[in-house]
Structures are given as structure tokens and as C-alpha cells.
1. Find the strands (runs of 3 or more DSSP E) located wholly in the stretch B:1-116 whose residues include 3 or more that are modelled with pLDDT under 90, and list them.
2. Of the numbered conditions (1) closer than 25 Å to residue A:174 by Cα; (2) at pLDDT below 90, residue A:52 satisfies every one except a single condition; which is it?
3. Looking at the stretch B:257-267, which of its residues are within 21 Å of residue B:310 (Cβ to Cβ) and in contact with a helix residue (DSSP H, G or I) (Cβ under 7 Å, 6 or more places away or on another chain)?
4. Mind checking which strands (runs of 3 or more DSSP E) fall wholly inside the stretch A:40-103 and carry at least 1 residues that are more than 9 Å from chain B (Cβ to nearest Cβ)?
5. Whether any residue in the stretch A:92-102 is without any contact (Cβ under 8 Å) to a residue 12 or more places away in the chain, over 14 Å from residue B:233 (Cβ atoms), exposed (fewer than 14 other Cβ atoms within 10 Å of the Cβ) and within 18 Å of the chain's Cα centre (by Cα) is what I want to check.
6. For the stretch B:152-256, which fully contained strands (runs of 3 or more DSSP E) count at least 3 residues that are within 20 Å of the chain's Cα centre (by Cα) and within 12 Å of chain A (Cβ to nearest Cβ)?
7. Criterion first (at positive phi, surrounded by fewer than 21 Cβ atoms within 10 Å (Cβ to Cβ) and without any contact (Cβ under 8 Å) to a residue 12 or more places away in the chain) does residue B:240 satisfy it?
8. Kindly establish whether residue A:25 is crowded, with 19+ Cβ neighbours inside 10 Å, in a helix (DSSP H, G or I), touching a helix residue (DSSP H, G or I) at 6+ places or on another chain (Cβ under 6 Å) and more than 9 Å from chain B (Cβ to nearest Cβ).
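The values are calculated or read from the model by the stated rules, or taken from the named source; none is laboratory data. The shown structure was predicted, so the numbers you read here are calculated from the model rather than taken from an experiment. Here the Cβ positions follow ideal geometry from the backbone for every residue, glycine too, while neighbour counts run over all protein chains shown.
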């Protein structure tokens, strides 16, 4: 039975290895950016339909950036219109999107590395992606359960609670998944 | 019809709406309207008159609007859709000229023409804010919109402002006043929790139409700007679309349970509802557009073809009007649809489930 600290150490070694190799590092970077963009799109902060090139900043960004508009959602303090693509910049949501993106990226990068190690087994790149799904769903949990409206689902207390806990649950799953694939990756390297 | 919560037994809404009923939940009526016409724009404005009888800063109507539920039943039916003020009201609205408006011609706007003031509030902005604390022709007004019930109503707000509580009853917006934090149901126009419990607001009807039609009718109108103090994707309605109609606005489902389920019509079918002196009546909007003039008890609903909107009047004498080629033909002359020689009443578009949920005893004309 391997201890938690050993598992974490093995995971760190796997992450280090994944970062050092150019191909697995590229997987991490691409997955991080892609996931962060997907998350920001899911919460409506990245969108199409902008009509111009423009930058607008709210009057008091320091007072505004920490104002909550829902579970894990905060007020945007700037809007960037770049042709047809628009971006509402909320520092906290952008940071959260990047954090989730990094976790997904590391999962996929380490899983990719383990897959490239011929003696590693029982692991696939899909495991990291599956762990990311709850976090992605939680990203759509806007202040007025818009996701449920879009899907035509009637809200219940249990469902609303599930949406509220989806993001922290997603982070936990991503961390657990990372330790799991990290151990496999380390085992593959040791073998 | 299946009831979702118990309700106090009431007589038909028409009886409860008799003027001079005693106060308290379930009583109603007595609210009168005053119509003024502006000489330059020809615009008519209507106010439910009353006195500032409540404690605090909110001007309330002389008597309570019709209710078919006790306040306890309404409080028990509350759902939480968002945190308080998570949907931020617009407290410092900025208006621009039609040339500067970033609104498509087919986009929905809620118009108000009162005295010297003509304003349009785009649905694509209100869907993100639900309340605009404005001043119209010198009167402080809260312009309110609930996307989940498709209802837009104006209310006098006195010296206070209104915010979005994040609560819903029958999927309908529950506002709160910032003077006392009382909870006000938008469709009922009545507070059901807090210091103002039992008081009704004085309403101002808004005109639900499209930007192109409103601008053509009122070329000098102002329009609410996207400079709201907040940053949103105002081109996008997170619930669906009105052009073409889709998403939530056509689905069978609602976000939360409704107060009643009544399968006589599609839940999202639009009715024009009014509740006041002449009772509680819902008229199918398509019927009004089709016939031009629809008598409904003490009310008269008139279709305004240029605005594709409904103007509703109190017609207790049953004066006969009919739709003519050049306007609404009365006993003596022809009138513009928005300028009949009758008192205009507070009436508004509402989705069927929302109206029948609050007023199960409503008279229905379809």
C-alpha cells in the first residue's frame, strides 16, 4: 500500500517529466488554453456576435471585480470586442478557468506521457478528460440556472445543489485523477 | 386544472375586485386610473392613482390589487433562482437617440410615452437586469421585466429604488424595495413579505413592441443605452429568442413549479391580462390582433396595428367600438387605438401559465 505522500511525490515526478518533454508539454499547454476557453464560453464570457473593435472598462474595477453574480461567478470589469469575438474579462473567472485548464492539461499531459511509455498500462488520456466534465458543467451554472432553462429541465433543490457543488467536485476529481495518472506514469518510467 | 398549492377559497375575481372592499389579502379594487395626453407626441399615459399610505418611501395604491392566495401561501411558493442583487438593477440609466441605438429593428422593446417623455427599454438589456430605476416625465418609476413569465410592468417607486431579490414565485420576478426590503411580486404588484405586506404598487403600463415600430411611431424617442454600468453580452438572450421565437419562450417547461397547471392553452402562449376595477381578465393576444377590438366585461382591448401592441381600456358603460380602416370607430368619431375616450388600464402581456397561476379564477377570452 503506497502512502499519500509517496503518491504525491510520484505525481510530481510525472508532472516534471511531462513538462520537460516537448510533446507532452504541448499537450498540457493546448489542453489548458482549450479548456479555459471552453469554460469561459460556457459561462458566457467568451462569445461571438461582437460588432466592432473596442475596449471598455467599468468605472471602478477594483470595487467590482470581487462582486459575485452567482456560484463561482463574478462581475466582469472589462469588455474586449475583437471583430466578431467578444470577451468579458473577470479576473476571478479567468483565473478559475486557467486553474481548471491547468488541472485538465496536467491530467492529459501526464496521461499522454504514460501512454507513450510502453510499460505503463491501465491508463488512457480519456481519464483526465472525464474528470473535467463536472467542472465544465459547473461553468454553465449561471446565476439564474440558465443551463436548466436551455435544456428545458425543471429545477429542484437537489439539482440546484448539484450545480453548486459541481465545480468544487470537478476540482477534486481532477486532483484525484492527476494523482492516479501520475502514479501510473511514474510506474511506467520506473519500469 | 391541477392546483400546486392550496389557496384560500375566494369568490370569483370579479367579485373580489369590487371597489370599496375591505383591505387585507384577497380584497381588491378601488384603484382608479388617470390618463393624460401629450399634445406634441399624442402619447397617452396612464397612472393607477392612490396615496402614499404605506410606511416609508414607496407610494402605494389606495387599495389592494386582486389576490387569490394568502401571503403565507405565496411565501411558501418562493423559489431561489439567484442571490440577492446577483442580477443587478440599473440605477443610473443612460439614454441615447435612435441614431445611436444598438438595437435591431425586430428586437423587442418596452415603450412608455408619458407627457413630454418617450422612452424605449430594449428587452436585450432588461433580460440581464430586470429592473431599471428611472424617472419618466418627472415621476420616479421602476421599469421591470421578468423573462421567465414574459411580463413587463412599470411601477411608481417614490424616493426609493427597487432591486432583484433573486426569489421567484410562480417563476415570476420578486422585487425588493431598498427602503424596507419588502418583497413585491411583479405580476401581483403587491408585497407579500415585509413592512409593506398587503400594499399594492401604482402601475404604469408599458407597450411591448419592436424597436423599429416604436421608433417609427415616436421618432424622437430616447432608448436605453448599453452603458448600464455593467458589462454583459447584450446581443444575447440567455433564455432563448423572440426573433424568431425559440428556446424557453416556446418550451413546454418552466424553470420551477408553477402555482397551478392549466392545460387549456400552451404554457407560453401570450395573453394580455388585466386586474382591477373590472375584474380579472386574460385575453389571448392573437385574438386581439385578429379582431382589432375585443370587449371583455368592463374592459376593452384594442390592437394598435402600427405597434402590433394592445391598449386596454376600462369601459364600464359598454360603449361600442369597432375596428375601422383608419382607426377605432366609436359612437361619434374615429380614434387612434392609443387615444380612445376611455380610461386606459394597467394591462400587460404574460405567458398563460404565469397569469393563470396567479389568477386561477380569471375570466378567459380566447
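1. Per the criteria, B:33-37, B:44-48.
2. Condition (1) is where residue A:52 drops out.
3. Hits for the stretch B:257-267 are B:265, B:266, B:267.
4. Details: elements: A:46-48, A:53-57, A:68-70, A:78-82, A:85-89.
Here the list reads A:46-48, A:53-57, A:78-82, A:85-89.
5. yes
6. Numbers: elements: B:162-169, B:172-177, B:183-185, B:190-193, B:207-210, B:222-224, B:240-242, B:245-247.
Here the list reads B:162-169.
7. Working: at positive phi: yes; surrounded by fewer than 21 Cβ atoms within 10 Å (Cβ to Cβ): yes; without any contact (Cβ under 8 Å) to a residue 12 or more places away in the chain: yes.
Yes, satisfied.
8. Details: crowded, with 19+ Cβ neighbours inside 10 Å: no; in a helix (DSSP H, G or I): yes; touching a helix residue (DSSP H, G or I) at 6+ places or on another chain (Cβ under 6 Å): yes; more than 9 Å from chain B (Cβ to nearest Cβ): yes.
In short, no.
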